[in-house]
Amino acid sequence: MCLLFLIIPNRAKLIAPKINFDEITDWNQKTSNNLTQWIEKLAICESSNNPLAVNPKDKDGRPKYGLFQFDIRTWKMYITRYNLFNYQKWEEADWWNAIYSDYHQEIVLREMIENGVDLAKEFGCIKKIGLFDNQLVIK
C-alpha cells in the first residue's frame, strides 16, 4: 500500500502556466480510445487519479509529484527535451504548478510514448498494468 501526501512547496506561486488549447485538440485527434484508457489506468495506479498526489519518499528516496508521480528533475528534463509549453518563459513556480496539472502531465506522458521512452523504467505501475504499444496493452 502506498500512502500519498499533498505537499506544496513554499516557493510556488499559485499561478498556472498558460494552456495552449490547440495542443489539447491536436492530442485528442491523435489519440485512440485504447491509449486514453491505458493512460487512465496508469493515473489510477500511480496516484489514485489525483493530480495533487505527492509521495514524499519513493523507492529511490526522492519525492514524486502529480498524476503520474514524476520526479521534479525528470519532469523538467522531459519538458525541455520535447520543448513543451513555452517553458523558457517559466519561473520556478510555473514548474511546480505544471507538475500538479493533469493536463501538463498527460501531454508529457504522450510525448514520452510518441518518442519511444522506456516507460517501465519511469513508472512503477507498468508492472501492474502492462506497456502500451501500437494500440495494444502488452503485459
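Tabulated data
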| item | result |
| --- | --- |
| Residue match in the range 122-134 (condition: among the charged types (D, E, K, R), over 18 Å from Val54 (Cβ atoms) and part of a helix (DSSP H, G or I)) | yes |
| Residues (among the aliphatic types (A, V, I, L, M), crowded, with 19+ Cβ neighbours inside 10 Å and more than 10 Å from the chain's Cα centre (by Cα)) located in the range 68-118 | Ile79 |
| All positions within the range 29-59 that are at pLDDT below 55 and farther than 22 Å from Leu131 by Cβ | Gln29 |
| Residues of the range 48-83 that turn out to be among the polar types (S, T, N, Q) and in contact (Cβ under 8 Å) with a residue 40 or more places away in the chain, as a count | 5 |
| Residue in the range 114-123 that is under 15 Å from Ala43 (Cβ atoms), among the β-branched types (Val, Ile, Thr) and modelled with pLDDT of 90 or more present | no |
| Search result, residues across the range 85-103 that are within 13 Å of Ala43 (Cα to Cα) and either of a type in the set (S, T, N, Q) or not in a loop (DSSP other than H, G, I, E, B) (or both) | Ser101, Asp102, Tyr103 |
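The values are calculated or read from the model by the stated rules, or taken from the named source; none is laboratory data. Bear in mind the structure is a predicted one, so any value in this text is a computation, not a measurement. Positions of Cβ are backbone-derived with ideal geometry, glycine not excepted, and every protein chain shown enters the neighbour counts.
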